[in-house]
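Written below as structure tokens is the structure these notes are about.
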Amino acid sequence: MLSAKIIINNEFKISDTDPRLFGGFIEHMGRSIYEGIYEPTHPQADKNGFRQDVLTLIKQLNIPIIRYPGGNFLSGYNWLDGVGPKESRPKRLDLAWQAMETNQIGTNEFIEWCKLAGTSPMMAVNLGTGDSDSARNLVEYCNHPGGTYWSDLRQEHGFKKPHQIKVWCLGNEMDGPWQIEAKTATEYGRKACETAKLMKLVDPSIELVACGSSNRDMPTLGEWEAEVLDHTFDYVDYISIHVYYGNPDDDTPLFLSRPDDMDAYIKEIIAVSDYVACKKKSSKKIMLSFDEWNVWYHSNESDKQLENWQCPKPVLEDVYTMEDALVVGGMLITLLNNSDRVKIGCLAQMVNVIAPIMTRKGGPAWTQTIFHPFLHVSNFGRGQVLQQVVDSPRYDSSEKKSVPYLCSACVANEDKKELTVFAVNRSLQEPMRLNVDLSSFKDYQVMAYQTMHHTDLKAQNTELTPDNVQPFSGENAEIRGDQLTADLPPASWNMIRLIRK
């Protein structure tokens, strides 16, 4: 049996978790919206066509913010197509995903859905084919109380009160050559700066997210962020960061190490952001919006066979495995351990498209393997993330040396008198005896220990076997003196919750 140790102290904290760290993403692509959250003919659809079974599962995840409407879709989207009477809305070719867009769901419908889901919108403006004038008009339409052309138009559309959207994205992945009207860093930086100025003149209370590099492999990584922030520094609050991981070569030890790459990526972007602040002699800290992250690779080949111009076009319908859940759990742990600078996180996406929730048209909704670590961290990872001193055995993967078998985060919630330990045992064969030093946490007891593992790392949840991979109560988690001891099964996701007596 492996042995690992964590030392924590209630005086040494990384940061309070911003609730928006546990956000989501819904894009006009695939069956995310149509046949996902919206299916008017479904037996469980409400009067607005929203699926109640999907809303029930979304609510379980306790998501405070959801990014919308894209994504690559955004860079060719005219928001005016999605407001006003539905019968008058145009059908458009979605060039980003080679699909048909009916515009039956738009800004106002999404806001209404957010209210039902108990979440808030994170709206994005088109800086591909769109311009600063369209962006400021959308802010006025959504946030101005009334008495102007755009705010009065919102009221004519049936929404008297402003939507009061607080977080806005300035485009999406504008460095990507796949993006509609991609930009150089200078082109985007100038456009984003002037757009941000206009948007904040309409509503000074909003927060803005500038586009960072599309991923860590982009050739202009670092240079892009430095140039973009040089232009936008005075107007934006966040720089975006995106990452997806996969296991196409079936190299599980390497795959399980990917959250460590994510951690390095975050620290690189922080370094560039702080460089720009130093250059400008400013004490302002640009925070990170990690507004796309997940595992994505299962659907790559099958998507090549799909017919174009469908509505919906069922792209990116990855069916997740037990090992995917371990990586997603590790990525959540990475977000927690960087919560001092990562303030927004958006799991991409929520329904059907690389998602924790799947649906069948006219049929049921069910949860995928990745649903469960997200549910655990979103519901029990709120509080103060603690600094850890970790002593873990290590392994060498095919690309990375000295990967710790233990991936962990500890979160204290003083209001609830709780302490939660999240841990992934990345060993494929051996259990791990985990010891956590609780010297500064007196009179705590184990309230619950949930673990998730499976004899088959490729095990999935499907419509026919929706409960195949589920968390269950673990054994051998106890406190003796000032030590928490728990036995973590091989290749397992674990959550141990403690409460003060």
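Things worth noting here:
- Sulfur and carbon atoms: percent of accessible area, the chain [1.4 Å]: 49
- Considering only alpha-carbon pairs that sit under 8 angstrom and 6 or more positions apart, the relative contact order computed for the range 374-480 is 17 percent.
- Lysine pair count for the range 193-309 with Cα-Cα distance under 29 Å and sequence separation of 8 or more or different chains is 17.
- For the range 104-185, taking the reciprocal of the average inverse distance between every pair of different Cα atoms yields a Kirkwood hydrodynamic radius of 13.9 Å.
- Taking only alpha carbon atoms, the range 422-501 gives an Rg to Rh ratio of 1.06, where Rh is the Kirkwood radius.
- Paramagnetic label zone (point 7 Å from Cα along Cα-to-C-beta, ASP396; backbone N under 12 Å) in the range 238-255: none
- Across the range 179-242 the C-alpha pair distances fall into 5 Å bins from zero in the proportions 4, 19, 29, 24, 15, 7, 2, 0 percent.
- Each label was represented as a point 7 Å from its Cα along the Cα-to-Cβ direction; for TYR275 and THR465 these points are 4.9 nm apart.
- Kirkwood Rh, Cα atoms: Rg over Rh of the range 353-429: 1.11
- Distant-in-sequence amide contacts of VAL315, defined by a placed amide H-H separation under 5 Å and a gap of 5 or more residues or a different chain, comprise GLY30, ARG31.
- Within the chain, antiparallel bridges make up roughly 60 percent of the DSSP beta bridges whose residues both belong there.
- 3J(HN,Hα) couplings calculated from phi for the range 409-421 with the Karplus curve 6.51 cos²θ - 1.76 cosθ + 1.60 (θ = phi - 60°) are, in sequence order, 8, 10, 10, 9, 10, 5, 4, 8, 6, 10, 9, 10, 10 Hz; Gly and Pro show x.
- Mean ellipticity per residue at 222 nm, deg cm²/dmol - from DSSP H runs of n ≥ 4 across the chain, formula -39500 (n - 2.57): -7500 deg cm²/dmol
- Spin-label proximity, LYS417 to the range 435-450 - amide N less than 14 Å from point 7 Å beyond Cα toward beta carbon: 442-447
- Using C-alpha pairs below 8 Å separated by at least 6 residues, the relative contact order for the chain is 20 percent.
- The smallest convex shape that holds all Cα atoms of the range 349-501, its convex hull, gives 145 Å³ per residue.
- Probe 1.4 Å, protein heavy atoms only - accessible area per residue of the chain in square angstrom: 39
- With bins 20 Å wide beginning at 0, the percent of Cα pairs of the chain falling in each bin runs 23, 56, 20, 0.
- Calculated FRET value between HIS157 and THR41, using beta carbons and R₀ = 22 Å, to 0.05: 0.35
- With the convex hull of its Cα atoms as the shape, the range 1-146 has an orientation-averaged projected area of 14.5 nm².
- P(r) weight above 24 Å for the range 93-244, C-alpha pairs, percent: 37
- Kirkwood hydrodynamic radius over Cα pairs of the range 276-396, then Stokes diffusion coefficient at 4 °C and 1.567 mPa s, in µm²/s: 76
The values are calculated or read from the model by the stated rules, or taken from the named source; none is laboratory data. All values reported here derive from a predicted model rather than from experimental measurement. FYI the Cβ positions are ideal-geometry reconstructions off the backbone, even for glycines, and counts take in every protein chain you see. With ligands, DNA and RNA removed, areas are computed over all heavy atoms of the protein, side chains included. Shrake-Rupley method; radii C 1.70, N 1.55, O 1.52, S 1.80 Å.
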